[in-house]
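So the structure is just underneath, and the comments pick up after that.
We did not get these values from a lab; they are worked out from the coordinates using the rules stated. From a predicted model like this one, the values you see are computed outputs, not experimental measurements. Positions of Cβ are generated from backbone atoms using ideal geometry, with glycine treated the same way; all protein chains shown enter the neighbour counts.
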Amino acid sequence: MATSPTNYFKFGAVFCIYVAYVLFRRLPIAFLSQIRTEIQISNDDIGRIVSIHASAFTVSKLVFGTAADRTSNSRLLIGGILLCSTSSIGLAFTSEVWQIEVVMAMIGSVQGAGWVPATKLIATWFDDASYATMFSVLGCGSTFAGMIVPLFKTSYWRTIEFNSGIVMLLFAIICKKWIITEDAIRKEVKPLKKEDMEEENTIGVKKIMKSSVMWHIALVYFFSMEMRTICETWAPLYLNEKKMSADGFQFLYELGGLAGTMISGLVLERLAGKMGVDPSRRLLGIIFTVIMMIVGCGVFKFEEYSSVLGFLTGFFVNGSINIWCLIGSQAGTKSVAGTVSAFISFIASVGSIFAGSPLAHLIATFSFHVFTILFVTQIVFVLSISSLQIPLRMEAFSEKKTQ
């Protein structure tokens, strides 16, 4: 059955709102160089701001991921962007570090209301054949937001934060009243099969938390999330300290990210036919993660090649995130796939927190040279844990089969 043109119009509105979510969390970081000229902010302050925001973001993923199954997704999506817009307006009037910390905590605390409700809404508007394509297009919203961030950096930061907040505030109200008026009729929920019910009873939260499968995936995924925060926060600051423009690096980083996300998926599809699904995912995930950190070393060593390194870093960072996110989404059995994926995402997001205040202390002690030691150590860790050949999927009946 053909999809109604109205649903594409609704999708366009959701896409714009999701892009706004990403912009509201990334613009304050992009404006740090400007903000430092008006408000005295040290590297420790920056690290604390990043950690506070990342912590709030991490918790919000769990909270809103659960809420999306129990309440109106349109209300979550619109309510979250309304708070983000209000916070952006408030940021325009800040004059102290603690005020910036409060605003970033508020923005981070509702970021989880962006992705999950958006994906659940489009799942009700499009059939299975169209959903995969629309899901991928929505996923490109984050990269698109990153690509347009440099366009705002030439303007005064208070003006951009205030105006963008007002515009999205009005847009969200219009969407709620006339465009995204209600959740579409949900697809018929099929009853669980007997074997699925047995799986649900067999695999509980305690077993998920003790699973070597989950921890293996989450620990490697941790480094991808950490690297993304480093590239979005510390790499531009490093280039600015070296009296070099970070705009080229940031734009090509996002462009490389778009290419990395798409190409990693295509390569996985080709390799799966030759090597099998899980072996191909493991191999490509390790390759992307290791090369990601090797290129990361180059960013802080050869700043004169920042544009080329920006593209390569974006390619491997986003490609790595795409692969490990895909692995995590299918690590659990059908009845607990969402719970397992949520736990993996929650643990991996700690990487973003580590890239904030803890990393700021390391930079203050060892300068930016600490990244070389950090990345080499992490490469050794990734190769070591991968050599254990831990499975990428949990088995519900492994205990029964061994009896």
Provide Rg over Rh for the stretch 199-391; use the alpha carbon set for both Rg and the Kirkwood Rh (inverse mean inverse pair distance).
1.00
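Viscosity 0.692 mPa s, temperature 37 °C: what is the translational diffusion coefficient of the stretch 285-345 from Stokes-Einstein with a Kirkwood Rh over Cα pairs, rounded to a whole number of µm²/s?
256
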Excluding residue 357 itself, what net charge comes from residues whose Cβ is under 12 Å from its Cβ, given Lys and Arg +1 and Asp and Glu -1?
-2
Please report how far the C-alpha centroid of the stretch 356-375 lies from that of the stretch 147-171, rounded to the nearest whole angstrom.
31
Pairwise centroid distance, computed over Cα atoms, of the stretch 1-60 with the stretch 266-332, Å
23
Run the count for the stretch 10-181, please: Lys pairs, Cα-Cα under 19 angstrom, 8 or more apart or on different chains.
5
What do the square roots of 5 times the Cα gyration tensor eigenvalues come to for the chain, in whole Å, largest first, as semi-axes of the equivalent ellipsoid?
33, 29, 19
Using θ = phi - 60° and the Karplus form 6.51 cos²θ - 1.76 cosθ + 1.60, what ³J(HN,Hα) does each residue of the stretch 217-234 get, whole Hz, x for Gly and Pro?
5, 5, 5, 6, 4, 3, 5, 5, 5, 4, 5, 4, 5, 4, 5, 7, 10, 7
Once the other residues with Cβ under 12 Å from the Cβ of residue 314 are scored (Lys, Arg +1; Asp, Glu -1), what is the net sum?
-1
Charge context of residue 50, other residues only, Cβ under 12 angstrom, K/R +1, D/E -1:
-1
Highest to lowest packing among 250-256, 154-160, 212-218, scored as the average C-beta count within 10 Å
250-256, 212-218, 154-160
Convex hull per residue volume in Å³, alpha carbons only, for the stretch 10-181:
102
Decide, for the stretch 12-67, between rounded, prolate and oblate: order the square roots of the alpha carbon gyration tensor eigenvalues as a ≥ b ≥ c, take rounded if a/c falls under 1.5, and otherwise choose prolate if a/b is larger than b/c, else oblate.
oblate
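Given the peptides 341-353, 227-239, arrange them by the average over their residues of other C-beta atoms within 10 Å, most packed first.
Numbers: 341-353: 21.4, 227-239: 23.5.
So the order, starting with the most tightly packed, is 227-239, 341-353.
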